[in-house]
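Quick note: the coordinates plus some simple rules give every number you see, no bench work behind them. Everything numeric in this text was worked out from a predicted model, so none of it was measured. A quick note on method: Cβ atoms are made from the backbone with ideal geometry, for glycine too, and the neighbour counts reach across all protein chains shown.
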Amino acid sequence: MKVNLKETLAWKKLTAYFLQIKDKRITDYFEDEERMQKFSFDFNGIYFDFSKHRWNQSLLNHFVDLADEMDLADAIQQMFAGNKINITENRAVLHTALRQMNDEPVMVDGTDVIPLIRDAQKRIKSFAGQIISGQWKGVTGKSITDVVNIGIGGSDLGPKMMVEALSSYKNHLNIHFLSNVDPFQLDEILQKIDLETTLFIIVSKSFSTQETLTNAKNIQQLYIDKYGKSSVQNHFATVSTQINAAQSFGIHPDNVFPMWDWVGGRFSLWSPAGISIALALGYDNFEKILQGAHRMDLHFKNASFDQNLPVLLAFLTLLYNNLYGFQTETYIPYAEKLKYLPAYLQQLFMESTGKSVNLNNEPVTWQTGNIVWGNTGTNAQHSFFQLLHQGTKIVPVHFMAEKNNTTTEFKQNHRILLAHMLAQSEALMTGEKNAIPYKNFKGNRPSSVILLDEINPESIGSLVALYEHKVFTEAWLWQINAFDQFGVELGKKLAGKILEELHMSGEDHHDVSTRELIKRIQ
């Protein structure tokens, strides 16, 4: 179904009702004694409070009508069934199959992909076991102590975020992430590791990503120079579709893990692309992450839209982006373990919904992808919260925290942390009147609070899957494709041309500014 959002009857009714209530304050809605019951939810050890938002039950009902009229339920079923909903690349979208807990067939082009997934999972489990136990030896006979994940974008942000979030579950291996082609990062990692005891995992579906392969070849040369070409197979593995290219690099075929075109990079941490997670935490914990995500998958697939957590979050985005005109949202984890989560969500949301062409290949006539950003609390309070409280822009805030920190003896610090989060959420909503203008807080600024009982493999798996499905829902309601990213291609193409020109002089076809900058770098 390809429809124009603004032409639906439900959208027209929704916008008409919105005009009636748009000037109401959030605090006014709390006159409803059942508000907390209606707008708070418990799921898999996570509590969601959506009560401090500019909506009521009637507005929510209009959003549900919109989702129904736009056949969101059918779109969800199509994704889970393996239909090729990534229409620009003619691909299925099946990150959900990676965490499916039963062996019910999921067909793509007549092939059941579940056996392929199970085989890959067995291989990851065996591989991780060899590394963690010390059975795998480097070229000099020493066991592995360090693992470096070489990847960029979805091949870096997801695994790095997950390993940091679950750092209290880490084993003895030191895990590093090398993404930037800036040699500073490579130099920095090389200073921390010993080549004799380090395993490098190249995560590149095409085995040709420039930043990733440049770093990998630099390290490969270090091994060749010091230990000979055969040493490469002792210290490299890869996640890629290009077995021949990996073999030419020196990687043994047994150490090439699959990547499928029905898994997008920013949705791939559940796949072999997340092998660094299994190495850092052990395969059993990796499997628990999958289980947590699967529970959210079932919820998204089966829950009614007025109780469906990813759908509710998507409704909020449309409310603020398309009705109020608030085009940005911020994510503030009051948990240092989640310090990489805002950057991960930034890619997940902005690469997925930063589109200006609809599913009919026509220009959209409404705002799509929000600008997503954030930082950890309480650091953020001393950085940009001034704008959140008293700035001219309204920025919906999504707070999250861990209720029980069982890994620290400094319990009072944790209570202070939580007190600050709750205070910020309350202050944004209520504000405070003051006769002195610069001390006045207008309030009426929306926020969510997501409270995890504990940051553990299952809960963080559920949380990340929640945001993946939020993206899917937003994209469907906006009628854009969340699963391609052609917007990154032009810059890559121009970079290749400029790289050649940096090594030579002569005529070029750039604008005056770029031409002058090339001359200064040459």
Query - Beta bridge orientation in the chain: antiparallel %, DSSP, nearest 5 - result: 30
Report summary line: Whole-Å distance linking the alpha carbon centroid of the stretch 155-225 with that of the stretch 304-327 is 37
**Report entry** log10 of Debye I(q)/I(0), alpha-carbon scatterers only, for the stretch 98-285 at 0.09, 0.14 Å⁻¹
**Finding:** -0.30, -0.74
Query raised in the report: Which whole number in µm²/s is D for the stretch 119-214 by Stokes-Einstein, with the Kirkwood Rh taken over Cα pairs at 25 °C and 0.890 mPa s?
Result: 171
Query raised in the report: Roughly what would the spin-label model give for residue 504 and residue 4, points 7 Å off Cα along C-beta, in nm?
Result: 5.0
Query - Nearby lysines by direct alpha-carbon distance to residue 442 (threshold 18 angstrom, same-chain neighbours under 8 apart not counted) - result: 22, 24, 52, 393, 433
Report task. For the stretch 372-522, just the Cα atoms, rotate onto the principal axes and tell me the three extents in Å, largest first. Result -> 64, 48, 41
Requested in this report: For the stretch 353-426, just run the numbers: alpha carbon Rg, then divide by 2.2 N^0.38 Å, N being how many residues it has.
Outcome: 1.60
Query raised in the report: How would you order 155-162, 143-150, 242-249, 269-276 from highest to lowest mean count of nearby Cβ atoms within 10 Å?
Result: 269-276, 155-162, 143-150, 242-249
Requested in this report: With the Cα gyration tensor of the stretch 87-132 in hand, convert its eigenvalues to equivalent ellipsoid semi-axes via √(5λ) and list them largest first in whole Å.
Outcome: 25, 13, 9
Report task. Write down the Å³ per residue value for the convex hull defined by the alpha carbon atoms of the stretch 55-105. Result -> 126
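Pull out the extension gain between residue 327 and residue 102, defined as 0.36 nm times the separation in residues minus the alpha carbon to alpha carbon distance; nm, one decimal.
Details: separation 225, 0.36 × 225 = 81.00 nm, distance 3.99 nm.
Difference between extended and current length: 77.0 nm.
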Query raised in the report: Tell me which lysines have Cα within less than 21 Å of residue 84's Cα, excluding those fewer than 8 residues away on the same chain?
Result: 2, 205, 301, 355, 470
Query raised in the report: So how long is each side of the chain along the principal axes, counting just the alpha-carbon atoms, biggest first, in Å?
Result: 74, 62, 56
Query - For residue 149, distant residues with modelled amide H under 5 Å away - result: 176, 177, 178, 201
Requested in this report: Hey, can you grab everything whose amide H is under 5 Å from the amide H of residue 456? Only 5+ residues off in sequence or another chain; H modelled, so Pro and N-termini drop out.
Outcome: none
Report summary line: Fewest to most Cβ atoms within 10 Å: 283, 344 sort as 283, 344
Query - Under-5 Å amide H pairs with residue 332, H placed in peptide plane, nonlocal only - result: 398, 399, 400
